[in-house]
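*Asks:* For reference, the structure I am asking about is given below.
The values are calculated or read from the model by the stated rules, or taken from the named source; none is laboratory data. Owing to the predicted nature of the structure, the values given are computational and were not obtained by experimental measurement. Note that we place each Cβ from the backbone using ideal geometry, even for glycine, and neighbour counts take in every protein chain shown. The area values use the complete protein model at the heavy-atom level, side chains included, leaving out ligands, DNA and RNA. Shrake-Rupley method; radii C 1.70, N 1.55, O 1.52, S 1.80 Å.
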Amino acid sequence: MILLTIESFLERNQNLKREELDDIIARAKERSLLIDKEYDAFITLNDNLAVESKGILYGVAISVKDNICTKGLRTTAGSRILESYIPPFDATVIEKVKRAGGFIIGKTAMDEFGFGSFSINCAYKIPKNPNDKERVTGGSSGGAAAVTKAADFPHIAIAQSTGGSITAPAAFTGTVGITPTYGRVSRYGLIDYSNSMDKIGTIGKDVFDAALLLQIIQGYDPRDSTSIKLNEESYIDSMNKEIKGFKIAIPKEYYDYNYVDKRVADKIMDSLSKLEELGASFDIISMPMYKYAISAYYIVAISEASTNLARYSGLRYGLQKQLDSSLTFDEYASIIREQGFGEEAKRRIILGTFARMSGYRDAFYLKALKIRKLLIDDYKRVFSRYDAIITPSMPVIAPKIKDALSMEPLKVYGMDIMTVGPNFTGMPTISIPVARVEGMPIGMQIVGDHFNEAKIIRIARNLEKVLNYE
Ligand code: GLN
């Protein structure tokens, strides 16, 4: 079967005969193997492609970022320290997908524990961008985006973001990524990076695909105390409504930031005229707190990360090795951690431990939390007058892998300027491809107020229809 859009596939998947379903699965398996060969997009492919129910996702392959637990299927979080971890349970989102008839095609490549913006901090392999194999996919959900871009069978990806890991790879590959409001989707079964920011979301070929999967995985979960009790929303039902009268804010600071490629900023401004044609209006506004977002985000992210990684000592969690029995526990754990963690993970453990040490906590960690509050106020002020905020998704086009590998860590962190603000404050975002520069896709990031996913999905869908991006 040739690729149909999932939207049209859903009209016929309920009538599939068993042999047709078997064909779809066999083809998805064969193609995934090739995609992996070509782009190094998977860490583990799944051999057990069982379809458990005839739900809405019947016959749709779902790839899963490798930091989300899948029962009986290796889950490494992109790290050597979890090289042989096989979870005895499914994350809530996986249970939901299986119940909806989706089958898990494999676990996708990522920066170790989500530490990165390019998917180059990888213990296994560095995924390649299907638009240009010499370039990065974006990170940390790089494999998810690469598979989504390259798939020619019905497929949607489950991804995850802490500070931009869905938006960045969606933008660099020309796919659509949705990062929901913190608390909208259960984190039960997600391997933590920074608990107060981690969110599970989706990447699809178009707005419909990404929204459909979000609709399925969202919802309150008593096993995650930070998940929120709200009515579950039908994005599919509301996304085609018009956007006449919508007011969009364009924060000028983000377009003038020193790492922004002017060509990228210009393309985003150009696509705003399409929104005007649809009846929306926009104003240039100011969000002065933006300049503190990266520093404050990274302080909180690495502080939480360093405590989360403390459990991987080789005793209860992490690599276990037979070593000389005369070693003390500290010596044993040091060897395990030395061998198990990559360079970026070690950098974050050291910096994060420092930032929350007694004596420094007030100066760094607590100050960063205060900035988070001020940033939320900044966003709330804007959302009291506007429906959405639009910025580029990333300040640049996907860099070449070799250039990214030699970039200074601070410059890499600076690439997150567009995404850390909304992620740090728990706002939902969607990234959609709107244009190309040097043949590479440019993403537009649409940010909404807390729990306004339906609104930003609607804006994206309306825009996608008039853009003719491909
Ligand atoms: N680049 C950011 C970081 O390294 C965000 C990564 C993420 O969202 N997991 O922290």
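*Asks:* Can you give me the C-alpha center-to-center distance between segment 281-304 and segment 367-445, rounded to a whole angstrom?
*Replies:* Centre-to-centre (Cα) distance: 9 Å.
*Asks:* May I ask you to evaluate 6.51 cos²θ - 1.76 cosθ + 1.60, the Karplus curve with θ = phi - 60°, for each residue of segment 334-348 and list the ³J(HN,Hα) values in order in whole Hz, giving x for glycine and proline?
*Replies:* My calculation for segment 334-348 gives 4, 5, 4, 6, 4, 7, x, 9, x, 4, 5, 4, 5, 4, 6 Hz in order.
*Asks:* Suppose the chain between T307 and D22 were pulled fully straight at 0.36 nm per residue; how much longer would it get relative to their current alpha carbon spacing? The partial results should precede the final answer.
*Replies:* Working: separation 285, 0.36 × 285 = 102.60 nm, distance 4.49 nm.
Taking 0.36 nm per residue and subtracting the Cα distance, the gain is 98.1 nm.
*Asks:* Check which residues have an amide H placed less than 5 Å from E52's amide H, if you skip close sequence neighbours.
*Replies:* Amide H to amide H, under 5 Å and 5 or more residues apart or across chains, E52 pairs with G101.
*Asks:* Cβ neighbours within 10 Å, averaged per peptide: list 212-223, 295-306 in order, most packed at the top. Numbers along the way, then the final one.
*Replies:* Working: 212-223: 20.7, 295-306: 23.2.
For the peptides 212-223, 295-306, the packing ranking is 295-306, 212-223.
*Asks:* Can I ask one more? Rounded to the nearest 20 Debye, what is the dipole magnitude of the chain about its Cα centre when Lys and Arg each give +1 and Asp and Glu each give -1 at the C-beta? Intermediate results must be reported in sequence, preceding the final value.
*Replies:* Working: 60 positive and 58 negative charges, 136 e Å.
I would put it at about 660 debye.
*Asks:* Which listed residue (L375, L272, V93) has the Cα farthest towards the positive end of the charge dipole for the chain, taking +1 on Lys and Arg C-beta and -1 on Asp and Glu C-beta about the Cα centre?
*Replies:* Value: L375.
*Asks:* Let me ask something else. With Cβ to Cβ distances under 9 Å as the rule, what net charge do the other residues near T108 carry (K, R +1; D, E -1)? Spell out each step's value before the answer.
*Replies:* Values: positive: K65, K107; negative: D66.
Charge balance near T108 sits at +1.
*Asks:* DSSP loop (so not H, G, I, E, B), at most 15 other Cβ within 10 Å: list which trypsin sites (Lys or Arg not before Pro) in segment 1-93 pass both filters. Don't skip to the answer; put the middle values down first.
*Replies:* Numbers: sites: R12, K17, R18, R27, K29, R31, K37, K54, K65, K71, R74, R80; in loops: K17, K54, K71, R74.
When the trypsin sites (Lys or Arg not before Pro) of segment 1-93 are filtered for loop state and at most 15 Cβ neighbours within 10 Å, K17, K54 remain.
*Asks:* Amide H of N129 versus every other amide H placed in the peptide plane: which residues, excluding those fewer than 5 positions away on the same chain, fall under 5 Å?
*Replies:* For N129, whose amide H was placed from the backbone, the distant partners under 5 Å are R135, T137.
*Asks:* Let me ask something else about it. Tell me, what is the per residue accessible area of segment 291-366 in Å², probe radius 1.4 Å? Numbers along the way, then the final one.
*Replies:* Numbers: 4330 Å² over 76 residues.
Heavy-atom SASA per residue in segment 291-366 reads 57 Å².
*Asks:* Whenever you get a sec, compute what percent of the accessible area on the chain sits on carbon and sulfur atoms (1.4 Å probe). The partial results should precede the final answer.
*Replies:* On the way: 9340 of 18150 Å².
Ligands and nucleic acids excluded, carbon and sulfur give 51 percent.
*Asks:* As an exercise, use a Förster radius of 25 Å and the Cβ-Cβ distance of S84 and D330 to find the FRET efficiency, rounded to the nearest 0.05.
*Replies:* Values: r = 23 Å, r/R0 = 0.93.
The calculated FRET efficiency here is 0.60.
*Asks:* Same structure, new question: If each residue of separation counts as 0.36 nm, what is the full-extension length gain between K411 and E277 once their alpha-carbon separation is subtracted?
*Replies:* Net length gain for the segment: 44.5 nm.
*Asks:* What order do you get for 82-93, 420-431, 161-172 when each peptide is scored by the mean count of other beta carbon atoms within 10 Å, highest first? Please report the intermediate quantities before stating the final value.
*Replies:* Details: 82-93: 18.2, 420-431: 27.8, 161-172: 34.0.
Taking the mean over residues of other Cβ atoms within 10 Å, the ranking is 161-172, 420-431, 82-93.
*Asks:* Further, regarding this structure: GluC sites (Glu not before Pro), restricted to segment 1-78: which are DSSP loop and have at most 15 other Cβ atoms within 10 Å? Each step should come with its number before you reach the end.
*Replies:* Numbers: sites: E7, E11, E19, E20, E30, E38, E52; in loops: E52.
Taking segment 1-78 and a limit of 15 other Cβ atoms within 10 Å, the loop GluC sites (Glu not before Pro) found are E52.
*Asks:* For the chain, what is the mean residue ellipticity at 222 nm derived from helices alone (per DSSP H run of n ≥ 4: -39500 (n - 2.57); sum divided by total residues; nearest 500 deg cm²/dmol)?
*Replies:* Working: 17 runs with 184 residues, N = 470.
Calculated at 222 nm, the ellipticity per residue is -12000 deg cm²/dmol.
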